[in-house]
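**Student:** I am attaching a structure below and will ask some questions about it afterwards.
Every read-out reported here was derived from the displayed coordinates using simple, explicitly stated rules and does not represent laboratory data. Given the structure is predicted, the values throughout are model-derived calculations rather than measurements. Cβ atoms come from the backbone with ideal geometry, glycine included; neighbour counts cover every protein chain shown.
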Amino acid sequence: MESVRSWVLTLAVIAVCMSLGGACYESVVMAPNYSVNVPESLTHARGFLTQSHPGNYFRVLAPATQVLLLLSVLLNWRTRKARWWLVTAFALMVLTDVITYTFHYPRNDLMFVQPLENSTPEALETAAREWGTGNYARIALIAGSAVVALRGLKACWGAAMEAAG
């Protein structure tokens with residue numbers, strides 16, 4: 001059982017770190033391209049993102065990460081030193097998704113789904129700029145989740161070492 005708990009928690013930490021890397025990539029590489037020379041930049045982005053887009057990555061990774069973190073909480077609940085670190089990591093990832101659905105999805109819809117002619121260039125530029133700025137909040141939450149998940153992993157290792165004595 002100890003091995004299963006360790007593996008699930010390790011996979012959860014890896015998944016959180018993958019989310020962090022993806023969110024940072026979006027802020028450094030993708031977002032700056034959306035808010036300059038609008039609406040042409042969004043037309044180009046739409047043309048480029050025809051086969052896949054960041055949602056294809058995050059719509060699989062985000063729920064998988066949350067499931068792994070929740071399983072980690074359940075499997076390691078008796079490890080008092082790890083319990084609240086893992087609960088916090090899970091809560092931060094859930095909060096990240098709440099922000100994604102309430103703040104980022106409406107802007108994604110405006111920039112990438114709705115006909116560009118339905119919005120003014122100023123509205124599109126504002127949406128792109130807000131999306132980029134808002135992504136920093138997601139990065140902070142995911143980074144926080146990574147830190148506390150790693151702290152939980154360390155606590156679990158410490159508890160296992162104490163038990164092995």
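**Student:** I'd like to know if the range 114-124 contains one or more residues that are crowded, with 17+ Cβ neighbours inside 10 Å, under 17 Å from the mean Cα position of the chain (by Cα) and in a helix (DSSP H, G or I).
**Tutor:** No, the range 114-124 contains no residue that is crowded, with 17+ Cβ neighbours inside 10 Å, under 17 Å from the mean Cα position of the chain (by Cα) and in a helix (DSSP H, G or I).
**Student:** Counting just the residues of the range 2-31 that are closer than 21 Å to Ala159 by Cα, hydroxyl-bearing (Ser, Thr, Tyr) and in contact (Cβ under 8 Å) with a residue 24 or more places away in the chain, which one comes out surrounded by the fewest Cβ atoms within 10 Å (Cβ to Cβ)? Even if it seems obvious, please write down each step before you answer.
**Tutor:** Step one: filter the range 2-31 for residues closer than 21 Å to Ala159 by Cα, giving 2-14.
Then drop every residue that is not hydroxyl-bearing (Ser, Thr, Tyr), which leaves 3, 6, 10.
Retained after the next criterion (residues that are in contact (Cβ under 8 Å) with a residue 24 or more places away in the chain): 6, 10.
Numbers: Ser6: 17, Thr10: 15.
Here the residue is Thr10.
**Student:** Restricting to the range 141-160, name every residue that is without any contact (Cβ under 8 Å) to a residue 60 or more places away in the chain and either within 10 Å of the chain's Cα centre (by Cα) or closer than 14 Å to Ala31 by Cα (or both).
**Tutor:** If the condition is that a residue be without any contact (Cβ under 8 Å) to a residue 60 or more places away in the chain and either within 10 Å of the chain's Cα centre (by Cα) or closer than 14 Å to Ala31 by Cα (or both), then Leu141 is the only one that fits.
**Student:** Can you name the number of the only condition in (1) closer than 26 Å to Val29 by Cβ; (2) surrounded by 15 or more Cβ atoms within 10 Å (Cβ to Cβ) that Arg83 fails?
**Tutor:** (1)
**Student:** Of everything in the range 42-80, what is small (Gly, Ala, Ser) and either touching a residue at least 12 places away in the same chain (Cβ under 8 Å) or in contact with a strand residue (DSSP E or B) (Cβ under 7 Å, 6 or more places away or on another chain) (or both)? Give them in sequence order.
**Tutor:** Ala45, Gly55, Ala62, Ala64, Ser72 - these are the residues of the range 42-80 that are small (Gly, Ala, Ser) and either touching a residue at least 12 places away in the same chain (Cβ under 8 Å) or in contact with a strand residue (DSSP E or B) (Cβ under 7 Å, 6 or more places away or on another chain) (or both).
**Student:** Are any residues in the range 144-165 among the small types (Gly, Ala, Ser) and crowded, with 17+ Cβ neighbours inside 10 Å, and if so, which ones?
**Tutor:** Selection gives Gly144, Ser145, Ala146, Ala149, Gly152, Ala155, Ala159.
**Student:** Restricting to the range 101-113, name every residue that is exposed (fewer than 13 other Cβ atoms within 10 Å of the Cβ) and either within 9 Å of Leu42 (Cβ to Cβ) or of a type outside the set (Val, Ile, Thr) (or both).
**Tutor:** Taking the range 101-113 and keeping what is exposed (fewer than 13 other Cβ atoms within 10 Å of the Cβ), we get 101-102, 109, 113.
Within the range 101-113, Tyr101, Asp109 qualify.
**Student:** Follow-up. What about Val36, is it more than 16 Å from Ala143 (Cβ to Cβ), without any contact (Cβ under 8 Å) to a residue 24 or more places away in the chain and not in a helix (DSSP H, G or I)?
**Tutor:** Details: more than 16 Å from Ala143 (Cβ to Cβ): yes; without any contact (Cβ under 8 Å) to a residue 24 or more places away in the chain: yes; not in a helix (DSSP H, G or I): yes.
Yes: the conditions hold for Val36.
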